[in-house]
Each structure stands twice: as structure tokens, then as C-alpha cells.
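See below for the structure under consideration.
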Amino acid sequence: MSIFENTVLVEKKQTLANKIGFTVLVVLTVFCLYVSLFISPILFAPAIAFGVFAYLVHSNSKIEYEYTYIEGRLSIARIKAKKKRKELAQIEMEEVLLIAPDSSHELDSYKNNQAVKSACVSGEKDAKIYQVVYKGKGGLNMMAFEPDRNMLEMIQGRNPRKVIIED
């Protein structure tokens, strides 16, 4: 029995708020360091605090999503700062009801439903976003993700009725 595996890694786009917050914290850090070195050492502690916050904002804004399909199981994970990996979903293909493009009309009945919705996408304007609808522990779930064409064809090869591929 051969194992078919496909992994896609998508980097999340940084938001404007993250960029502005990081820039403001760096400016405050430099300002407090300058003042503490030349005027008053009392601002050294706030400089360190601003520096730590700048580091945390910067590292938490570096997010990637990893989609892996292996023999009937779709795994979705979030990777922060290329260090911390958290498994978000392990979806067995028996639980999947539909995988379709976000704009597909086949999803209309699920979008209006009380499904738990989550998104693991890059945020890029031209990204091809797909929704996977599956039965989870708490009921119906929908998760947005950005698979490549190869992954979709692999899933469709084993589950042709559950996958709709956009041209």
C-alpha cells in the first residue's frame, strides 16, 4: 500500500495594525533608551518593557498555516514564528461533507447554518480559498483554507463526490 502525501505551507499576511504597533513599540523603546542613557536612568525599565512587547508583537505576527493530506486525513496546523506548532484540526475524509471554493453555491446551505466557522488563510487578495465542511465533535464545522491544485486532485481522486475544484 502506497502512501500519498501532500503538504502546503501558507504564510499569513501581516495586518496594518501589527506593523503600526511594532513600529510604535520600537520607537518608544529607542526613545526610552536614549532618555535613560543621556538624561534620566528612570526610563530604562520602560525601555526594556517596550522592547519585550515589540518582540512579542513581531513574533506573534509571523504566522504560517500548514495543510497536510495523508491517506484520507487532512491536518491543519498553525505555526507561530517558525517555532511553535499547534494542531488546529485533524479531519478524516469520512467526516467531510464537502470541499468547495469559497464562492461556490454548493456552500450556501452550510454558510447559513449554525456551523462553527474558522479561517486558516493568508489574507492575500488573489488567494484561492476553499471551505471544508465536516462533522466535528460539536456538530457541523467549516474551515477556510488554501490548498494547492495538487492537494485538491489527490483528495478528489479518493473522494470524487466530496470535492469541487474551481478552474
May I ask you to list the residues in the stretch 126-143 that are among the basic types (Lys, Arg) and at pLDDT below 85?
-> LYS137
Which number in (1) within 13 Å of the chain's Cα centre (by Cα); (2) open to solvent by 40 Å² or more (accessible area, probe 1.4 Å) marks the one condition that LYS111 misses?
-> (1)
In the stretch 103-129, which residues are in a loop (DSSP other than H, G, I, E, B) and farther than 25 Å from LYS62 by Cα?
-> SER103, SER104, ASN112, ASN113, GLN114, ALA115
Within the set of pairs 6 or more residues apart or between chains, which connect a residue that is within 16 Å of TYR110 (Cα to Cα) and buried (at least 20 other Cβ atoms within 10 Å of the Cβ) inside the stretch 135-157 to a residue that is at pLDDT 85 or above and basic (Lys, Arg) with Cβ atoms less than 9 Å apart?
-> ASN141/LYS135
Please give the number of the condition PHE31 fails out of (1) surrounded by 15 or more Cβ atoms within 10 Å (Cβ to Cβ); (2) touching a helix residue (DSSP H, G or I) at 6+ places or on another chain (Cβ under 9 Å).
-> (1)
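Conditions tested, residue by residue: (1) within 20 Å of LEU9 (Cα to Cα); (2) touching a Ser or Thr at 6+ places or on another chain (Cβ under 9 Å).
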site	(1), (2)
LYS128	yes, no
LYS135	no, no
MET142	yes, yes
VAL163	no, no
Hey, does the stretch 121-134 have a residue that's closer than 11 Å to LEU98 by Cα and basic (Lys, Arg)?
-> no
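Conditions (1) open to solvent by 60 Å² or more (accessible area, probe 1.4 Å); (2) modelled with pLDDT of 90 or more; (3) out of contact with any helix residue (DSSP H, G or I) (no Cβ under 6 Å at 6 or more places or on another chain); (4) not polar (S, T, N, Q), marked per residue:
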residue	(1), (2), (3), (4)
VAL10	no, no, yes, yes
THR15	yes, no, yes, no
ILE20	yes, yes, yes, yes
LEU25	no, yes, no, yes
SER40	no, no, yes, no
LEU56	yes, no, yes, yes
ASN60	yes, no, yes, no
ARG73	yes, no, yes, yes
ALA77	no, yes, yes, yes
How many of the residues making up the stretch 36-73 are over 23 Å from GLU153 (Cβ atoms), within 30 Å of the chain's Cα centre (by Cα) and among the aliphatic types (A, V, I, L, M)?
-> 6
Could you tell me which numbered condition GLN90 fails, if it satisfies all but one of (1) open to solvent by 70 Å² or more (accessible area, probe 1.4 Å); (2) within 11 Å of the chain's Cα centre (by Cα)?
-> (2)
Would you be able to tell me the number of residues in the stretch 74-103 that are touching a strand residue (DSSP E or B) at 6+ places or on another chain (Cβ under 6 Å), of a type outside the set (A, V, I, L, M, F, W, C) and within 22 Å of GLN156 (Cα to Cα)?
-> 6
May I ask you to list the residues in the stretch 130-140 that are in a loop (DSSP other than H, G, I, E, B) and among the polar types (S, T, N, Q)?
-> none
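The values are calculated or read from the model by the stated rules, or taken from the named source; none is laboratory data. On a predicted model such as this, the values are computed, not experimentally measured, just so you know. A quick note on method: Cβ atoms are made from the backbone with ideal geometry, for glycine too, and the neighbour counts reach across all protein chains shown. Quick note on the areas: whole protein, heavy atoms, side chains included, nothing else; ligands and nucleic acids left out. Shrake-Rupley method; radii C 1.70, N 1.55, O 1.52, S 1.80 Å.
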